[in-house]
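Got a structure for you, written out below as structure tokens; questions coming shortly.
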Amino acid sequence: MPRRYWLLKSEPDVFSIDDLKKAPSQRTVWEGVRNYQARNLLRDELQKGDGVLYYHSNAKPSAVVGTATVVRTGYPDPAQFDKKSDYHDAAATEENPRWYVVDIAFESIFKHPVSLETIKETRALSEMVLVKRSRLSVQPVTEAEWKLILRLGGGS
DNA sequence: GCCAACGTTGGC
DNA sequence: GCCAACGTTGGC
């Protein structure tokens, strides 16, 4: 399987790319996804080594702000079993987990964040899931989209 | 902070 | 299985 590409959304107030850069080993568990379609992608599709566009949603401005790498494939989200967590799910059990996570590692912060506005204005990016189905928080990205966004981001 | 879009729940 | 009610996301 060749390397694939994904876009992951996070609100910077909750967990920004700077938080990822400062995290231990510059890694994090991508916890808290509570949408079935996104869950299926995390559980079944994201592979070690895949590229991640890190997107800040609910931000000023909302933008792709850098990149990360998948470093561990899907496994049950520990937070669903944690009664004290905001992400606790009473219907989930260790035998029958409902939600999944991957681990990602920091890769780069763009010199120039690629804003949603720019993405909408760029014809070659107009088919991105981000534009078409804006609410999905884990999305596939094509290789062409990946390359163009990295170019627009101007490196790290 | 508003609210449109969209996903989920649950009664029937 | 339909669909109204409700909750959440996320751009603006």
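Just so it is clear, none of the values below were taken in a lab; they were calculated from the coordinates. Not measured: the values here are computed from a predicted model. Cβ: placed from backbone, ideal geometry, glycine included. Neighbour counts: every protein chain shown.
Which angle between 0 and 90 degrees, to the nearest 10, do you get for helix A:143-153 versus the longest principal axis of chain A when only C-alpha atoms count?
70 degrees
Of the listed peptides A:127-136, A:28-37, what is their order by residue-averaged count of other C-beta atoms within 10 Å, with the highest listed first?
Highest-to-lowest ranking by the protection proxy: A:28-37, A:127-136.
Here's another thing I want to ask about it. List, in order, the whole-Hz ³J(HN,Hα) value for each residue of region A:63-69 obtained from phi through the Karplus relation with A = 6.51, B = -1.76, C = 1.60 and θ = phi - 60°; use x for Gly and Pro.
For region A:63-69, the Karplus curve yields 6, 6, 10, x, 10, 8, 10 Hz.
Taking only Cα atoms and a 10 Å spring cutoff, compute GNM fluctuations for chain A and point out the largest among A:K22, A:K84, A:K120.
Of A:K22, A:K84, A:K120, the Gaussian network model singles out A:K84 as fluctuating most.
Per DSSP H run of n ≥ 4, the term is -39500 (n - 2.57); total these for chain A, divide by its residue number, and report the mean residue ellipticity at 222 nm rounded to 500 deg cm²/dmol.
That comes out to -6000 deg cm²/dmol.
Same structure again: Mind checking which lysines have their C-alpha under 29 Å from A:K21, skipping anything on the same chain fewer than 8 residues away?
A:K9, A:K48, A:K60, A:K83, A:K84, A:K111, A:K120, A:K147
Treat each spin label as a single point 7 Å out from the Cα along the C-beta direction, and report the A:Y36 to A:E94 distance in nm.
2.7 nm
Search the structure for amide H atoms under 5 Å from the amide H of A:L7, placed 1.01 Å from N in the peptide plane, and list their residues when 5 or more places away or on another chain.
A:L53, A:Q139, A:V141
Let me ask another. List the extent of the Cα atoms of region A:5-153 along each of their three principal axes, largest first, rounded to whole Å.
Its Cα atoms span 45, 31, 28 Å along the three principal axes.
With label points built 7 Å along Cα→Cβ from the Cα atoms of A:A144 and A:D44, find their separation and express it in nm.
Rounded to a tenth, the inter-label distance reads 2.6 nm.
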